[in-house]
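A short worksheet on the structure shown next.
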Amino acid sequence: MSIWITRSEPGATALAESLGGAGFKPFKAPVLRIEPLAFEPPQDRFDTAIFLSAHGARLAAQTVKGCFRRAFAVGRPTRQVLLESGIEATVAEVESSEGLLADLPDSADQRVLLVSGVGGRQVLGPALERRGADVKRLEVYRRVPVIPLIECDEVDAAVASSGDGFRQAARVWFAAGGAPDLPVLVPSARVGALGPELGLANVIECAGADSQAVLAALRSMKREH
């Protein structure tokens, strides 16, 4: 089974290695490129730092390491990147912004640092401010759309790891003449809900964006077929 990995590097290579080791035929054709941004290290101290992606953690962890008391990560891949930088982070039971909101302690009068890319979902910041937190957003990268060359008849399924990635993958797929019944594995119901809007309704929800979650979903799909 040939799997199109649409996510950006270095996650694309890590996922390809896991899928290849499990007997699948992955090929990497990212639809987004991560462009680091210059940023000033925070001068303030924060009660909490929240890392909203593995990219943000990779680019900023060492720079912001000493300016907060506790850290939260949006998912397991982000937590793993932080661990490699010596930062212990808590992951919400539900790996999403909403899951973090549900698990975060009372943030009234707390200073919170959000480490993220440009744009993306504006969920945590406004919600924490309504709870009385003083929130600073540190944007350390931007996502740049890429249009890779793909052969649609060689693709059995695709993996998209975010809403932005799913949108761009759909553009690339249909521009290449792909059919609307392509199975697309996504990390959450929120991302999957974009499928009908994008013209790709054969969406398979994984229990997260990490390799183990993708593999479990692929194996389940393979058994069903």
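Just need a number here: residues in region 199-210 that are out of contact with any strand residue (DSSP E or B) (no Cβ under 7 Å at 6 or more places or on another chain) and buried (at least 20 other Cβ atoms within 10 Å of the Cβ).
The qualifying residues number 3.
Which numbered condition trips up TYR141, out of (1) surrounded by fewer than 18 Cβ atoms within 10 Å (Cβ to Cβ); (2) at pLDDT 95 or above; (3) hydroxyl-bearing (Ser, Thr, Tyr)?
Evaluating TYR141 over (1) surrounded by fewer than 18 Cβ atoms within 10 Å (Cβ to Cβ); (2) at pLDDT 95 or above; (3) hydroxyl-bearing (Ser, Thr, Tyr) leaves (1) as the failure.
Just checking, which of LEU101, LEU82, LEU114 is part of a helix (DSSP H, G or I), touching a helix residue (DSSP H, G or I) at 6+ places or on another chain (Cβ under 7 Å) and open to solvent by less than 10 Å² (accessible area, probe 1.4 Å)?
When all the criteria are applied, what remains is LEU82.
Quick check on my filter: what residues within region 148-173 are touching a Lys or Arg at 6+ places or on another chain (Cβ under 8 Å) and among the β-branched types (Val, Ile, Thr)?
VAL159
Give VAL191, VAL155, VAL144, VAL159 a once-over and let me know the one that is closer than 25 Å to ALA57 by Cα, more than 14 Å from the chain's Cα centre (by Cα) and among the hydrophobic types (A, V, I, L, M, F, W, C).
The conditions single out VAL144.
Determine whether region 35-52 contains at least one residue that is assigned to a helix (DSSP H, G or I) and either within 14 Å of the chain's Cα centre (by Cα) or surrounded by 16 or more Cβ atoms within 10 Å (Cβ to Cβ) (or both).
No, every residue in region 35-52 fails to be assigned to a helix (DSSP H, G or I) and either within 14 Å of the chain's Cα centre (by Cα) or surrounded by 16 or more Cβ atoms within 10 Å (Cβ to Cβ) (or both).
Among all residue pairs at least 6 apart or on different chains, which show Cβ distances below 9 Å where the first residue, located in region 89-109, is over 18 Å from ALA57 (Cα atoms) and the second is of a type in the set (Phe, Trp, Tyr)?
Taking only residues 6 or more apart or on different chains, the pairs are ASP103/PHE72; LEU104/PHE72.
The values are calculated or read from the model by the stated rules, or taken from the named source; none is laboratory data. Keep in mind the model is a prediction, meaning the values are calculated, not measured. In this analysis, Cβ positions are derived from the backbone assuming ideal geometry, glycine residues included, and neighbour counts consider all displayed protein chains. For the accessible areas, the whole protein counts, side chains as well, though only heavy atoms, and no ligand, DNA or RNA atoms are used. Shrake-Rupley method; radii C 1.70, N 1.55, O 1.52, S 1.80 Å.
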